[in-house]
Amino acid sequence: MPSQLNINFAGPAPHFEHYWPPKEGTQLERGSIVLWHTLTYWQLLRKEKVPVDKAGNTPLDMNQFRMLFSTCKVPGITRDSVINYFRTESEGHSPSHIAVLCQGRVFIFDVLHEGCLITPPEFHRQLTYIYKKCHSEPNGPGVAALTSEERTRWAKAREYLIGLDPENLTLLEKIQSSLLVFSIEDHSPQVEPEDYSQLTTMLLIGEPRIRWGDKSYSIISFSNGLFGCNCDHSPYDAMVIVNISSYVDNKIIENEGRWKGSEKVRDIPLPEELVFTVDEKILNDISQAEAQFLKEASDLKVVVQPFTSFGKNLTKQKKLHPDTFIQLALQLAYYRLHGRPGCCYETAMTRYFYHGRTETMRSCTVEAVRWCQSMQDPSTSPLERQEKMLQAFAKHNKMMNDCSTGKGIDRHLLGLFLIAKEEGLPVPELFTDPLFSKSGGGGNFVLSTSLVGYLRFQGLVVPMVHNGYGLFYHIRDDKFFVACTAWKSCPETDAEKLVKLLFHAFHDMIQLTNPAHL
């Protein structure tokens, strides 16, 4: 299946909440500042100076941070591969150019000049050169759109492209090895304090001719000075992006949204355009890829809204874990909307372990279902509902701890399944039992969820299955932010209704903790 829409995650940068409200004519100037802070972080990574993440006093594995820059997925006929060109300073040479996509054209330029990172005014000069050139000349062929295609078709188109002219491979490798992709969009999405849906939708979908969907890190810039990212999920998990995004956002706040250094622009080489040799077949493939992507993308409903009545502070005061609070509210919302429990994937991190990434936390517990049933049964007393809710909390918290400390089941089962496939052994019966997929196994969770963290960052993904939802959220002191996706062509799912019911469930749960109510 195409991975750009189905695997990638995206999210808005929260700069518009403080110094950078939407404003036409600021795209390149702000973009230069974003690039400078982002690449200052790249230099810290190369020098191995990024502080190690910790859970309490326990250090967490940082290996995923290697995959943030100069990393790209490359399609294969039967299997893709991830190529990583990043090296720390002690390991040797690392690429130092970025790729800029604009109007179907691709440019690259080096971000180091005489061994130092170029300054925001110098980035501005480079971006302005590209912008003016692209807006005064015909559009490029949009080779990038091929990355949004179904994987085997993209792999075949890539092989054909290289066969047309060996120079095309050199150009592809320059994009693959680039630190990141910076996309210059002409759109100006709306963003309101109570609704981030349009901005977030455009970050996930956007214009396929200026998105290299296989890059591990793409910064998307809009005409009205809004920003966000779109990232391949294969090489790393969202906390890597939350970490760097938080660094950049804090630097923008520290500097009041401005560049306070020298305005001098040195004589640095102009950006180089990567001009692919194409023919009718490739141009056809590009058009077909774009049409396929936009058709599938138009079926996606995205709702990104804050719940502002309360947040982490109140749940903590009630001695309820805020993440568990949202997960159980989601179980109740799904139960009320669909009349049945919803098998749910929540990300548990396993970075206590060497090269650890994630484990599946199955939030739809027996205890959660019993509590949902009690909430829908008018004969159940508030006290009984409260008891059942607290039992569901205790079970969820224990399971999350188990999953993070290597006692989960899904990665283990996946390992057994893959060994059977690789060794040509019969696949164990468990994996073909209809109840296995009904429970969510084999990537069939109707609720695909993740906590993006406790900072200002929101992300989203598409649902895992056609009759499911993608639901990412982040937690602040005074509010919860929720991003929900569903497919419009599925008659039984409704993202707007689920979010509305989720917000109702938050109120119902807090009421259960009120002694007067009991």
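Quick look at the values:
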item	result
Evaluation of residue 214 against (1) touching a helix residue (DSSP H, G or I) at 6+ places or on another chain (Cβ under 7 Å); (2) under 24 Å from residue 102 (Cβ atoms); (3) of a type in the set (D, E, K, R); (4) open to solvent by 60 Å² or more (accessible area, probe 1.4 Å) (one fails), failing number	(4)
Only one of 339, 311 that is open to solvent by 40 Å² or more (accessible area, probe 1.4 Å), within 19 Å of residue 504 (Cβ to Cβ), more than 19 Å from the chain's Cα centre (by Cα) and modelled with pLDDT of 95 or more	339
One residue from 108, 98, 83 being surrounded by 14 or more Cβ atoms within 10 Å (Cβ to Cβ), touching a residue at least 24 places away in the same chain (Cβ under 8 Å) and under 20 Å from the mean Cα position of the chain (by Cα)	83
Any chance residue 348 is over 25 Å from residue 510 (Cβ atoms) and touching a residue at least 60 places away in the same chain (Cβ under 8 Å)	yes
Criterion: within 26 Å of residue 222 (Cβ to Cβ) and out of contact with any Asp or Glu (no Cβ under 9 Å at 6 or more places or on another chain) - qualifying residue of 125, 105	125
Residue count, the range 5-24 (criterion: open to solvent by 30 Å² or more (accessible area, probe 1.4 Å) and more than 17 Å from residue 305 (Cα to Cα))	8
Where residue 457 falls short, out of the listed (1) open to solvent by 30 Å² or more (accessible area, probe 1.4 Å); (2) touching a residue at least 12 places away in the same chain (Cβ under 8 Å)	(1)
Those residues of the range 360-400 which are of a type in the set (Lys, Arg) and either in contact (Cβ under 8 Å) with a residue 40 or more places away in the chain or more than 24 Å from residue 346 (Cα to Cα) (or both), in sequence order	362, 385
Selection within the range 350-364 - hydroxyl-bearing (Ser, Thr, Tyr), part of a loop (DSSP other than H, G, I, E, B) and surrounded by fewer than 22 Cβ atoms within 10 Å (Cβ to Cβ)	350, 352, 354
Condition broken by residue 250, with the remaining ones in (1) under 18 Å from residue 477 (Cβ atoms); (2) in contact (Cβ under 8 Å) with a residue 12 or more places away in the chain satisfied	(2)
Enumeration of residues in the range 274-308 that are among the acidic types (Asp, Glu), under 26 Å from the mean Cα position of the chain (by Cα) and surrounded by fewer than 18 Cβ atoms within 10 Å (Cβ to Cβ)	299
Number of positions in the range 370-425 that are over 15 Å from residue 513 (Cβ atoms) and of a type in the set (A, V, I, L, M, F, W, C)	13
Matching helices (runs of 4 or more DSSP H) fully within the range 233-349 where at least 1 residues are within 26 Å of residue 69 (Cβ to Cβ) and among the basic types (Lys, Arg)	238-254
In the range 395-434, residue nearest to residue 353 (Cα to Cα) [restricted to those that are among the β-branched types (Val, Ile, Thr) and over 26 Å from the mean Cα position of the chain (by Cα)]	419
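Residue by residue, here is whether (1) within 20 Å of residue 4 (Cβ to Cβ); (2) touching an Asp or Glu at 6+ places or on another chain (Cβ under 6 Å); (3) touching a residue at least 12 places away in the same chain (Cβ under 8 Å); (4) buried (at least 20 other Cβ atoms within 10 Å of the Cβ) holds:
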position: 116; (1), (2), (3), (4): no, no, no, no
position: 129; (1), (2), (3), (4): no, no, yes, no
position: 132; (1), (2), (3), (4): no, no, no, no
position: 140; (1), (2), (3), (4): yes, no, yes, yes
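The values are calculated or read from the model by the stated rules, or taken from the named source; none is laboratory data. These numbers come from a predicted model, not from an experiment. Glycine gets a Cβ as well: all are built from the backbone with ideal geometry, and neighbour counts include every protein chain shown. Note: areas computed on protein heavy atoms with side chains; ligands, DNA, RNA excluded. Shrake-Rupley method; radii C 1.70, N 1.55, O 1.52, S 1.80 Å.
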